[in-house]
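Data block below; observations after.
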Amino acid sequence: MRSALTRQLFAGIFLLSPLSALAEGAVRVLECTIEQTCDLAASCNPDSGDISFNMEPIKLAADGAGSYLIRYEFSGSTFQADMEARSFAGPFMWDIYEDRNTLLANSEYRFLWHKLSLSPVPQSDIHFLACEFTQ
Amino acid sequence: MNNKIPLRILALGLITLLPAAYVHAQPFSEAASSLADYTRADIHPSLSCADLSGLELQDLVSISSEQIPAQNNIPSHCRVSGMLEPEIAFVVDLPSDWNGRFYMIGNGGHAGQRPGDGFQIASRYAGLQAGFATASTNTGHNADEEPGASFVMSNPQKAIDYAYRAVHLTAVTAKAIASLYYGQVVSYSYWNSCSNGGRQGLIEAQRYPQDFDGIVTVAPWVDQTGFTIGALWNQQALDQSPVTAGKMAMLASVVMNKCDAIDGLVDGLIDDPRHCALNIKEDAPICQTGTDDDSCLTPAQADAIQKIYDGPYNIQGQSIFPGFMPGSEAVSTGFSGAASSGWMNLIVPATPGAGSADFGLANDTMRYLVFQPPQPDYDYRTFDFNSDPELLHRWSRLADARDINLRDFRANGGKLIMTYGWADTILQPMMGVNYYEQAVTANGPDGTDFMRLFMIPGMAHCAGGNGPDQNDAITAVIDWVEQGIAPQSIVAKKIVNGEVARSRPLCPYPQVARYDGSGSIDEAENFQCVAP
């Protein structure tokens with residue numbers, strides 16, 4: 001474990017940089033506005049509404065990948081699930097019953113929310129979102 | 001959408017990078033017999049203490065340092081006090097003569113003990129006297145300002161900080177500070193703590209396996225949510241059928257008479273209470289109709305007590321969580337000098353209709369940590385044991401230390417010693433046994449090569465009770481980590497008025513201590529660890 005500790009020391013020296021902004025292990029809130037929704041036929045229409053994704057970290061790697069709990073309200077219901085993050089910027093993936101949800105960033109402020117239903121046949125909804133992390 | 005943080009800035013950030021008992025045993029008391037010779041402290045600072053007050057580290061809000069001269073057997077040391085985002089207070093004590101190692105202690109209950117509190121200081125000083133750099137944290141809130149679990153009301157982040165984040169960040173920060181101060185990396189890091197501190201230690205092994213090389217987790221609060229359901233169950237049962245201290249003393253006598261001799265020795269200790277099946281309605285005197293004095297239990301009281309031993313179950317009769325063990329109700333002399341059943345005040349309220357200490361802890365967990373947003377007015381009497389356990393799922397994922405995957409910890413050379421008192425009346429000891437059995441299998445088949453459990457007959461929560469409650473598991477884990485010597489047994493002592501009244505070997509589970517048949521039953525040397 002000494003080599004790991006050596007890495008930690010060097011990490012500690014890197015930590016002297018004043019560039020830090022994201023606190024390691026912080027609760028994150030992604031606040032979004034739905035701008036457009038597309039159906040399985042790739043037919044897209046303007047949409048509206050706000051959605052706030054609350055992400056509570058459980059176990060994270062240094063690059064922000066790891067497990068979270070995600071909680072949000074949508075269409076009058078509250079959803080909560082275990083979520084996997086592949087990096088601090090996503091993709092973020094979680095399941096609600098049979099639906100596979102994926103949240104992808106395509107810029108600092110643009111996200112794509114893909115909801116894939118597996119039953120009875122695969123079909124999806126796609127929401128284009130304008131988002132910002134407020135925590 | 002105020003205080004927005006663009007992803008670009010987040011990316012830059014990532015480039016940088018009961019309440020009571022925490023350590024009640026006798027850490028470092030066996031240091032003289034350690035083959036690691038860890039008290040040899042011949043490393044000296046390469047910076048001045050004052051230099052540390054200018055450090056800039058990730059998540060660091062403030063930092064100060066002070067050189068403290070040697071006094072009253074406390075060696076000269078540099079004390080570094082600081083704050084990590086948002087309100088994680090920490091203290092690192094750095095001895096002038098260092099053994100190259102790091103030692104950290106945790107927090108009881110819902111934490112919030114300031115690093116400057118007496119018990120925190122005393123626990124750090126124990127490590128300091130042995131040559132360690134030591135640290136502790138308040139876990140992100142101060143209990144004297146935000147009691148119980150109410151800290152989440154001021155900032156939800158504090159729930160995560162309490163659950164696990166504060167300990168990890170403090171450990172990383174403290175080791176970075178120590179390494180800079182001495183000009184060389186920490187060689188080995190150790191954790192030693194009880195109760196919630198035991199939970200903190202387990203989570204470190206599970207989620208941050210590089211933080212510590214050796215972990216002693218005493219009576220760990222493995223399953224905070226399971227405990228909570230159990231405490232609500234007990235409180236609801238006792239609300240219906242209160243029992244008195246006198247009845248509890250009578251029950252203690254009944255249980256000891258039935259269970260004590262099963263292990264072959266009538267010594268006031270029950271080696272493995274699972275071997276004693278209690279049926280309270282058959283084993284205890286039941287009051288005649290119209291009678292309700294301390295010589296007997298009413299049928300309703302017997303039902304309530306049976307429920308506490310059995311633990312909560314649902315309408316299908318399926319167990320939700322283990323109960324407390326026979327022998328935990330035994331009468332012993334507490335720290336106050338008064339003798340009473342181990343259940344009094346902790347499980348059984350001091351006065352009928354009041355809340356017990358266990359219930360207080362559980363009720364706070366429900367009101368502030370389980371519900372989101374918190375429900376400070378939540379009424380525990382509405383808890384439905386068939387449908388409501390799932391309410392606790394979210395908090396379980398964040399705070400329970402139930403992850404049995406310890407592969408990374410093991411791969412890093414980590415060693416873990418868990419101890420648990422069979423007579424614990426705050427945390428149900430079977431939560432430790434069940435976790436150990438699952439984890440040692442999941443990380444096996446030779447799981448005992450890095451993880452061992454030592455059950456302590458007659459010991460209450462962290463310490464106390466009638467059993468031998470003093471031991472030095474930290475020296476055992478140091479020798480295991482550094483010398484590769486796995487503990488075959490650990491000597492435990494019962495100390496009364498400064499004298500060793502009884503000693504016994506603690507045995508690696510599932511082994512038990514078996515009397516040789518000759519010599520005093522109060523001396524460890526007359527016992528052997530054997531398979532049950």
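The values are calculated or read from the model by the stated rules, or taken from the named source; none is laboratory data. Quick caveat: nothing in here was measured; it's all calculated off a predicted structure. Every residue, glycine among them, receives a Cβ derived from its backbone with ideal geometry; neighbour counts consider all protein chains shown. We work out accessible area using only protein heavy atoms, side chains counted, and drop any ligands, DNA or RNA first. Shrake-Rupley method; radii C 1.70, N 1.55, O 1.52, S 1.80 Å.
One residue stands out in the range B:413-463 among those that are in a strand (DSSP E or B) and hydroxyl-bearing (S, T, Y): the one that is farthest from B:L346 (Cα to Cα), namely B:T419.
Residues checked against (1) under 17 Å from A:D47 (Cα atoms); (2) surrounded by fewer than 16 Cβ atoms within 10 Å (Cβ to Cβ):
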{"residue": "A:W94", "(1), (2)": "no, no"}
{"residue": "A:Y97", "(1), (2)": "no, yes"}
{"residue": "A:L116", "(1), (2)": "no, no"}
{"residue": "A:D125", "(1), (2)": "yes, yes"}
{"residue": "A:F128", "(1), (2)": "yes, no"}
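Annotation: of all residues in the range B:377-403 being of a type outside the set (S, T, Y) and surrounded by fewer than 13 Cβ atoms within 10 Å (Cβ to Cβ), the one that is farthest from the other protein chains (Cβ to nearest Cβ) is B:R381. Residues of the range B:12-45 that are surrounded by fewer than 18 Cβ atoms within 10 Å (Cβ to Cβ), at pLDDT below 95 and out of contact with any helix residue (DSSP H, G or I) (no Cβ under 9 Å at 6 or more places or on another chain): B:L12 alone. Among the residues making up the range B:46-63, those that are surrounded by 18 or more Cβ atoms within 10 Å (Cβ to Cβ) and in contact with a strand residue (DSSP E or B) (Cβ under 7 Å, 6 or more places away or on another chain) are B:C49, B:L52, B:L55, B:D59, B:L60, B:I63. The set of residues in the range B:73-125 being of a type in the set (D, E) and surrounded by fewer than 24 Cβ atoms within 10 Å (Cβ to Cβ) consists of B:E85, B:E87, B:D97, B:D117. Taken over the range B:414-446, the residue count meeting the criterion of being crowded, with 18+ Cβ neighbours inside 10 Å and within 20 Å of B:G214 (Cα to Cα) is 14.
Scanning the range B:61-84 for residues being farther than 19 Å from B:A50 by Cβ, part of a strand (DSSP E or B) and of a type in the set (S, T, N, Q) gives a total of 1.
Contact map, the range B:198-219: residues that are farther than 14 Å from B:Y103 by Cα paired with residues that are of a type in the set (D, E, K, R) and at pLDDT below 95, Cβ distance under 8 Å, separation 6+ or inter-chain. Pairs shown: B:Q206/A:K59; B:R207/A:K59.
The strands (runs of 3 or more DSSP E) found wholly in the range A:18-108 and carrying at least 2 residues that are over 20 Å from A:Q123 (Cβ atoms) and facing chain B (nearest Cβ under 8 Å) occupy A:50-60, A:66-74, A:77-85. The residue pairs whose first member lies in the range B:62-76 and is assigned by TED's automatic domain parsing to the domain that holds B:L47, whose second member is of a type outside the set (S, T, Y) and open to solvent by 90 Å² or more (accessible area, probe 1.4 Å), and whose beta carbons are closer than 9 Å, counting only pairs six or more residues apart or on different chains, are B:I63/B:E56; B:N73/B:Q129; B:I74/B:Q129; B:P75/B:Q129. Remark: pairs (first residue in the range B:301-322, farther than 17 Å from B:F383 by Cβ; second residue surrounded by fewer than 19 Cβ atoms within 10 Å (Cβ to Cβ); Cβ separation under 6 Å; 6+ apart in sequence or on different chains) = B:Q301/B:S241; B:A302/B:K281.
Each residue in the range B:256-284 was checked for being loosely packed, with under 13 Cβ neighbours inside 10 Å and farther than 18 Å from B:G323 by Cα, and 4 pass. When B:A300 is tested against (1) touching a Ser or Thr at 6+ places or on another chain (Cβ under 6 Å); (2) farther than 30 Å from B:H110 by Cβ; (3) surrounded by 22 or more Cβ atoms within 10 Å (Cβ to Cβ), exactly one condition is not met: (3). Restricted to the range B:227-342, the set of helices (runs of 4 or more DSSP H) holding at least 2 residues that are under 30 Å from B:M366 (Cα atoms) comprises B:245-259, B:299-310.
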